[in-house]
1. On a full-extension model of 0.36 nm per residue, what is the gain between A320 and Y10, subtracting their alpha-carbon distance, rounded to one decimal in nm?
2. Beta carbons within 10 angstrom, averaged per residue: use that to sort the peptides 117-124, 209-216, highest first.
3. With viscosity set to 1.567 mPa s and temperature to 4 °C, compute the Stokes-Einstein D of region 98-299, Rh being the Kirkwood radius across alpha carbon pairs; µm²/s, no decimals.
4. Using DSSP to call loops (not H, G, I, E or B), can you name the trypsin sites (Lys or Arg not before Pro) in region 261-297 whose Cβ has at most 15 other Cβ atoms within 10 angstrom?
5. Charges at C-beta only: +1 for Lys and Arg, -1 for Asp and Glu. How large is the resulting dipole of region 98-299 about its Cα centre, in Debye rounded to 20?
6. Return the FRET efficiency for the residue pair R164, D217: r is the Cβ-Cβ distance, R0 is 25 Å, and the value is rounded to the nearest 0.05.
7. How large is the convex hull of the Cα atoms of region 80-170 per residue, expressed in Å³ as a whole number?
Amino acid sequence: MTDFFDLLRYSTLASYQWQQPRLLGLLALVPLLLVLRRTLGRRPGRVVVAFGPGAARRDVLAALRFVPDVVLALALGFGVVALARPQRTDERIEQTGRGIDLVLAVDVSGSMEIEDLKPNRLEAAKRVAATFLDSRSGDRLGLVAFAGEAYSLAPLTTDYELLRDELSSLRVGLIPNDGTAIGTALGVAINRLRESDARSRVCILLSDGENTAGSLDPLLAAQLAHAFGIRLYTIGVGQDGLVPYGQSPDGQPRYVNTRLDETTMRELARAADGQFFRASDNAALREVFGQISRLEKSDIKQLRFRNTKDFYRPYLWLAAALWLLSLGLKSTFMSNPLED
């Protein structure tokens, strides 16, 4: 009985996928058919039989004459539901192959507030990195932030929501000790990657300056990365020379002189079998991450299994049973044979 009432619940009907959903529009015609049947049954010239003086008494027994019509309407309704083919589909996804392990090291030093990229270097990098994150599937990613020191903000993980939160939290001043400790940042990234058993281990280092802090030489760090089988991509952000950097107290644009140590960044990438990229504007930065995404592809394959189950049979059985019941009711006191 519980299963019968489950078939009639709105939540059950709403959970179906309908193979022929347009046929459900025929449900609106069921009451119209019954009204039409009643109207035609009262056409002029029909025989009226009176069994006694005065008007016929309207009591409970008279109301029962509508039961056959109600049963017939239900039979037609369930028949329409069965014709629409209610179904449920279970989808199972299996992954084969292996992803890569990748650590993104982002410079959050004061110079990342320079506005040659819009709205500034750091915000532009965060937006493009978030898009890059959305393009990965099945890979483990980690995040390192560095200025005068370097900190691991997220371990290697497939929890991309956590990574997005940590990425959005990056800001200038996050690390009190300002500067650009490229070697230290690489050291932290290597510690995350050196025990990885992924088929490919990658570090992407994004900075806009030259190494000015930290106790680990950047070139030595890149050589350590190579020794552990870690490939290094370095991204130089921003333009050289005078670039806009906020406003002066009187509201006039302020400019600062900036320079990227491109030679060292190229050497670092070369030492760890990677590549150096220069991103002087937003479009170039997007293209850089796009190139890295194409270079570092996972061999993850997804197999989808779909199992579709039909649920029209219970409604078809109900329609047939109610149809037979409506035929049986025609032989009882509930039916007026003179109207049929």
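1. 109.4 nm
2. Ranking, from highest mean packing down: 117-124, 209-216.
3. It comes out at roughly 78 µm²/s.
4. K297
5. The dipole of region 98-299 has a size of about 500 debye.
6. 0.15
7. 150 Å³
Every number here is computed from the coordinates shown, using simple stated rules; none is lab data. Bear in mind the structure is a predicted one, so any value in this text is a computation, not a measurement. With ideal geometry, Cβ positions are generated from the backbone for all residues, glycine too; neighbour counts draw on all protein chains shown.
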